[in-house]
Amino acid sequence: MRVLGIETSCDETAVAIVEAPAGDGPVTSRPVGRILANVVYSQLAEHRRFGGVVPEIAARAHLERLDGLVGEALADAGLGLADLDGIAATGGPGLIGGVLVGVMTAKALAFAHDKPFLAINHLEGHALSVRLTEDVAFPYLLLLVSGGHCQLLTVRGPDSQGGDFTRLGTTIDDAVGECFDKTAKLLGLGFPGGPAVEKTAIGGDAQRFALPRPLWRKPGCDFSFSGLKTAVRQIAEKLPPDDPRAVADLCASFQRTVGDVLADRCANALALAPSPVLVVAGGVAANAYLRGRLATLAASHGARLVAPPPKLCTDNGAMIAWAGIERLRLGLTDGLDFRPRPRWPLDPGIEARP
Ligand code: KG4
Ligand code: ZN
């Protein structure tokens, strides 16, 4: 079974083709997925001078690049459209202009070649991505940390209602990736901030700056990062110019504090976990330091941490193709009347935040 996946919800135009054994029901045989092609066009250069993603520029760049990337992915895999079993695209949540480009392209390909169309929740893409490369069975506890989200969920798998997910907690203000991006911006490290902060923190003194740890040791699984963000800004504004040592120390202290907060909240969630497995996914999960902290925490609770390879943590088409395979195997396809959803919470019991 081969599915083409299209991801256009933010600033990466990404297309992948993933192969898995055919069959009905959840994927259980291991190893499961094989990535036949995985191409990503990062729009970074187009957004960099604005210090963030400009939705209109993103939508136009997706439109310009997507057809070519689909062709490239097919060529890399040595396949034609007729060889595919389904076409999947991110149907939301995300910047609506980009989502529209991906969904319309996928629908057109599906219609023209008489293939099933699959509209994938971007968050479900992150949530299931670990199963593409790792041996992880449902259910599991998931920490989803990206540029727009910071949530703890139990994942039981896709279903006809959109997916069996229960949200245990979420951020009450900022997402953790956003906090990395702001920190990088304040320190002049560029965009996107996560990889820049991680690199700069290497060799920095993580104990030099004492930063607030919002909700620390409080019950529950919610997160808060705005106090931390403000504290970093106040310190950054007072740093002497041309002091790379201080910048490295602040990055290291910030990263350690984020690690403290994530570990503290995950410790509460592990008490509610449906299995002794903690999965971390989303762009921030690419961070090696944070992966280490979470692995230590999981081990101290008799659980194991499982994470996708760093390249599959940040937005990519393979996770969309994979979610497409998981859905196709359950017969959960979508009609060509699917309407893109700028907001689409994973847990249907929860209203999307304004
Ligand atoms: O999942 P993702 O690619 O896009 C969203 O769905 O938001 O996540 C992007 C976020 C950005 O905020 C980026 O700075 C952060 O993930 N990120 C990282 C790292 N790589 C990407 N944060 C910390 N450390 C990293 N190595
Ligand atoms: Zn994402």
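Residue 233 meets each of the listed conditions (1) closer than 18 Å to residue 293 by Cβ; (2) not in a loop (DSSP other than H, G, I, E, B) apart from (1). Among the conditions (1) within 20 Å of residue 270 (Cβ to Cβ); (2) away from ligand 2 (no atom under 13 Å from the Cβ), the only one that residue 159 does not satisfy is (1).
Rundown of residues vs (1) in contact with a Lys or Arg (Cβ under 8 Å, 6 or more places away or on another chain); (2) within 19 Å of residue 57 (Cβ to Cβ); (3) modelled with pLDDT of 95 or more, yes/no style:
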residue	(1), (2), (3)
79	yes, no, yes
83	yes, no, yes
87	yes, no, yes
91	yes, no, yes
98	no, yes, yes
107	no, no, yes
110	no, no, yes
120	yes, no, yes
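Going by the conditions given, is residue 265 without any contact (Cβ under 8 Å) to a residue 40 or more places away in the chain and not in a loop (DSSP other than H, G, I, E, B)? So residue 265 fails the test.
Check whether at least one residue in the range 139-156 is more than 16 Å from ligand 1 (Cβ to nearest atom), hydroxyl-bearing (Ser, Thr, Tyr) and at pLDDT below 95, and report yes or no. Looking for residues that are more than 16 Å from ligand 1 (Cβ to nearest atom), hydroxyl-bearing (Ser, Thr, Tyr) and at pLDDT below 95, one finds none in the range 139-156, hence no.
Within the set 274, 309, the sole residue that is within 16 Å of ligand 2 (Cβ to nearest atom), in contact (Cβ under 8 Å) with a residue 60 or more places away in the chain and of a type outside the set (Gly, Ala, Ser) turns out to be 309. Taking every residue in the range 280-294 that is within 16 Å of ligand 2 (Cβ to nearest atom) and pairing it with any residue that is hydroxyl-bearing (Ser, Thr, Tyr), at least 6 positions away or on another chain, the pairs with Cβ-Cβ distances below 6 Å are 281/129; 282/146; 283/146; 283/314; 286/314.
Test residue 281 against the stated conditions and say whether it is touching a helix residue (DSSP H, G or I) at 6+ places or on another chain (Cβ under 7 Å) and buried (at least 22 other Cβ atoms within 10 Å of the Cβ).
For residue 281, the condition - touching a helix residue (DSSP H, G or I) at 6+ places or on another chain (Cβ under 7 Å) and buried (at least 22 other Cβ atoms within 10 Å of the Cβ) - is met.
Return yes or no: is residue 315 charged (D, E, K, R), part of a loop (DSSP other than H, G, I, E, B) and outside the structural domain of residue 19 (by TED's automatic domain parsing)? For residue 315, the condition - charged (D, E, K, R), part of a loop (DSSP other than H, G, I, E, B) and outside the structural domain of residue 19 (by TED's automatic domain parsing) - is not met.
Conditions (1) small (Gly, Ala, Ser); (2) open to solvent by 30 Å² or more (accessible area, probe 1.4 Å); (3) not in a helix (DSSP H, G or I), marked per residue:
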position	(1), (2), (3)
102	yes, no, no
114	no, yes, yes
124	no, no, no
127	yes, no, no
132	no, no, no
136	no, no, yes
142	no, no, yes
153	no, no, yes
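Of all the numbered requirements in (1) assigned to a helix (DSSP H, G or I); (2) farther than 29 Å from residue 227 by Cα; (3) not assigned by TED's automatic domain parsing to the domain that holds residue 320, residue 183 misses one, and that requirement is (2).
Picking from 62, 47, which residue would you name as being touching a residue at least 24 places away in the same chain (Cβ under 8 Å), over 27 Å from residue 183 (Cβ atoms) and open to solvent by less than 10 Å² (accessible area, probe 1.4 Å)?
Values: 47 fails: over 27 Å from residue 183 (Cβ atoms).
Criteria check complete, one pass: 62.
Give 312, 294, 250, 336 a once-over and let me know the one that is touching a Phe, Trp or Tyr at 6+ places or on another chain (Cβ under 8 Å) and crowded, with 22+ Cβ neighbours inside 10 Å. Sole residue among the options that is touching a Phe, Trp or Tyr at 6+ places or on another chain (Cβ under 8 Å) and crowded, with 22+ Cβ neighbours inside 10 Å: 250.
Taking the conditions exactly as written (more than 8 Å from ligand 1 (Cβ to nearest atom) and not in a helix (DSSP H, G or I)), does residue 302 satisfy them or not? It would help to see each step written out before you state the result.
On the way: more than 8 Å from ligand 1 (Cβ to nearest atom): yes; not in a helix (DSSP H, G or I): yes.
When the stated conditions are applied, residue 302 passes them.
Of all the numbered requirements in (1) more than 18 Å from residue 171 (Cβ to Cβ); (2) touching a residue at least 60 places away in the same chain (Cβ under 8 Å), residue 243 misses one, and that requirement is (2). Based on this model, can you work out whether residue 227 counts as open to solvent by less than 50 Å² (accessible area, probe 1.4 Å) and free of Cβ contacts under 8 Å to residues at least 40 places away in the same chain? So residue 227 passes the test.
The values are calculated or read from the model by the stated rules, or taken from the named source; none is laboratory data. Values in this document were obtained by computation on a predicted structure and should not be read as measured data. Counting neighbours? That spans all protein chains shown, and the Cβs are built from the backbone with ideal geometry, glycine included. When the accessible area is computed, the model is the full protein with side chains, heavy atoms only, and any ligands, DNA or RNA have been set aside. Shrake-Rupley method; radii C 1.70, N 1.55, O 1.52, S 1.80 Å.
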